[in-house]
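Have a look at the structure below before the remarks.
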Amino acid sequence: MKITVVGAGYVGISLAVLLARQHHVVLVDILQHKVDQINRRVSPIKDAEISDYLASGELDLKATSDTNTAFNLSDMVIIATPTNYDATTNYFDTSSVENAVELSHSNNPKAPIFIKSTVPVGFTEKYRQRMKIENLYFSPEFLREGQALKDNLYPSRIIVGDRGTDGRMFSQLLKDVSLNRETPILLTNSSEAEAIKLFSNTYLAMRIAFFNELDSYALNSNMDTEQIIQALGWIQELVTSIITLHLAMAVTACRRTQSNY
């Protein structure tokens, strides 16, 4: 399969390297120095796994700044351009995503487009309707800077905002190139997939803040932080089990009534 990835940040380059293990991948970026580095098999970001895989010489990967030719022969396009959040306006800057979508669709309207950039909830559906692009989808990423390729090789979950043929194809593609064959797959609507991404970020930030406060309290009170966190970990396992049970019960009930879930 021929795949075009737009954006050579940590999300884009990790996906390009991951997919180039089994497919022909063209990585597009507007910064020529990044393109040159990747073609020399040098990683433009700090990530040990990406550097190792690039140096191995076993990837079918080419970088370019020529956007038009990059889209023409693609079977699929993945967009991973930056969407910086503006705290003043409370909006994400989605202009780079919109430009990439328009270039892809105008050059190759049949290729499905999957957005990996962080966007506001509802963006994909509204933009799809406004531009009349049916094969535009959102798929959240859950990667850490510096360990992006490792997180792609061993994903905790794969979520795609499409329940149809393209969603099944893309989710299976990501699973097939990973090293974790037990990775769960969830196909949702686009807005639900966008919400999962944003709420996951919020949940992680809350957990980090909580444990920072816990650690400060324990240190000030001359207590063992590790013992407290260990016990909280047991609570988390119990909560996860309860949530899983309730979800299973809800799905069963919905199936019996033939309703959506």
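A few comments on the model shown:
- Some residue of the range 205-218 being among the basic types (K, R), assigned to a helix (DSSP H, G or I), farther than 22 Å from L153 by Cβ and at pLDDT 75 or above: yes
- Elements of type helices (runs of 4 or more DSSP H) in the range 32-146, at least 1 residues being buried (at least 21 other Cβ atoms within 10 Å of the Cβ) and either within 20 Å of the chain's Cα centre (by Cα) or not assigned by TED's automatic domain parsing to the domain that holds R163 (or both): 48-56, 95-107, 123-131
- Test result for T183, at pLDDT below 95, in contact with a helix residue (DSSP H, G or I) (Cβ under 8 Å, 6 or more places away or on another chain), in the same structural domain as P140 (by TED's automatic domain parsing) and on the phi < 0 side of the Ramachandran plot: yes
- Number of the condition not met by D176 [criteria: (1) surrounded by 17 or more Cβ atoms within 10 Å (Cβ to Cβ); (2) in contact (Cβ under 8 Å) with a residue 40 or more places away in the chain]: (1)
- Checked against (1) loosely packed, with under 14 Cβ neighbours inside 10 Å; (2) under 14 Å from the mean Cα position of the chain (by Cα); (3) among the hydroxyl-bearing types (S, T, Y), T202 meets all criteria but (2).
- Taking the conditions (1) in contact (Cβ under 8 Å) with a residue 40 or more places away in the chain; (2) farther than 19 Å from E192 by Cβ; (3) among the β-branched types (V, I, T) in turn, T88 satisfies each one other than (1).
The values are calculated or read from the model by the stated rules, or taken from the named source; none is laboratory data. Here the structure is a predicted model, which is why all the values come from computation and not from measurement. Glycine also receives a Cβ, built like all others from the backbone with ideal geometry; neighbour counts cover every protein chain displayed.
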